[in-house]
Amino acid sequence: RNILQSNYNCISVSLANCIGFGIDEFFNEIYIELNSYLEPEAKTSAIPNHQDAVRQINLLLEKHYPRQTIFILIDEIPLGNDEPFKIFTERIFSLFISSALVNKNVDIKYVLSSIYSPVEHIKDFQQKIGSLIRFVEFENWENEELYSLISMISKELNLSLKEDEIQKIIKDSKGSPRWLKKFFKNTCILGEFSTSNIENAIIQTNKEIPA
């Protein structure tokens, strides 16, 4: 959020619509999102594997940001702490390393957030990654911070939540602001903020983001 509100060159890429996709399709989606932002009139076709997608991403960013720094924010990665997450982590590291080694005329900085730690999935041959990226571990939010976030979202959505509903949402979030935001998205999809919809949204959010 701080980067988006700054004067930096930045592009936000959401993978929220990639539920059920293969890992190579994730990289294809990253390329499509970037291409749609930078060259909206251009036609794009599916890229069959992540290696080709990485090459095309590097070429695209070097073309549009010569001698500049560009931040790529990748968010809403629909993966659990399982084998697909391990594979995605290994391949996204290859994107970071490739960008650092190949792109001499553009400084590409990737920013990702995950509720699971990627550190344990660093391969021996990827140890160089430690000198290229920085891992930042955030503590869970305090109840007061979660309350403020709920109040802010409720104001934007013109909602009036009862105090007991707010406290239940805070309890179920287990300190995760990402869980909270996903919960509100799920509740909006269900329609009105009724007691039953809040309960169903909590169940759905716990399936998508185990708090």
Quick one: which of Lys86/Lys182; Lys123/Lys182; Lys86/Lys168; Lys155/Lys185 span more than 25 angstrom between C-alpha atoms? Lys123/Lys182; Lys86/Lys168
Between the DSSP loop rule and a limit of at most 16 other Cβ atoms within 10 Å, which trypsin sites (Lys or Arg not before Pro) in region 34-108 are left? Lys43, Arg67, Lys104
Longest segment of the chain lacking GluC sites (Glu not before Pro) that sit in a DSSP loop with at most 14 other Cβ atoms within 10 Å: 42-136
Take Ser36 and Cys188, extend 7 Å from each Cα along the Cα→Cβ direction, and tell me the distance between the two endpoints in nm. 1.7 nm
For Asp107, solvent-accessible area (1.4 Å; no DNA, RNA or ligand), Å²: 60 Å²
With the convex hull built on the alpha-carbon atoms of region 68-211, volume per residue in Å³ sits at 133 Å³
Hey, got a sec? Which trypsin sites (Lys or Arg not before Pro) in region 175-211 land in a DSSP loop and have at most 14 other Cβ atoms within 10 Å? none
With a 1.4 Å probe and all protein chains in place, put Trp141, Trp179 in order of accessible area, largest first. Trp141, Trp179
Using 0.36 nm times the number of residues separating Tyr116 and Lys43, minus their current alpha carbon distance, what extension gain do you get? 22.8 nm
For the chain, what does the relative contact order come out to in percent, with C-alpha contacts under 8 Å and a separation of six or more? 17 percent
Quick one: if you stick a label point 7 Å off each Cα along the C-beta vector at Glu142 and Phe21, how many nm between them? 3.8 nm
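The values are calculated or read from the model by the stated rules, or taken from the named source; none is laboratory data. Computed from a prediction, not measured in an experiment: that's the story for all the values here. Neighbour counts are summed over all protein chains in view; Cβ atoms, including those assigned to glycine, are modelled from backbone coordinates with ideal geometry. Areas reflect the complete protein model, heavy atoms only, side chains present, ligands, DNA and RNA absent. Shrake-Rupley method; radii C 1.70, N 1.55, O 1.52, S 1.80 Å.
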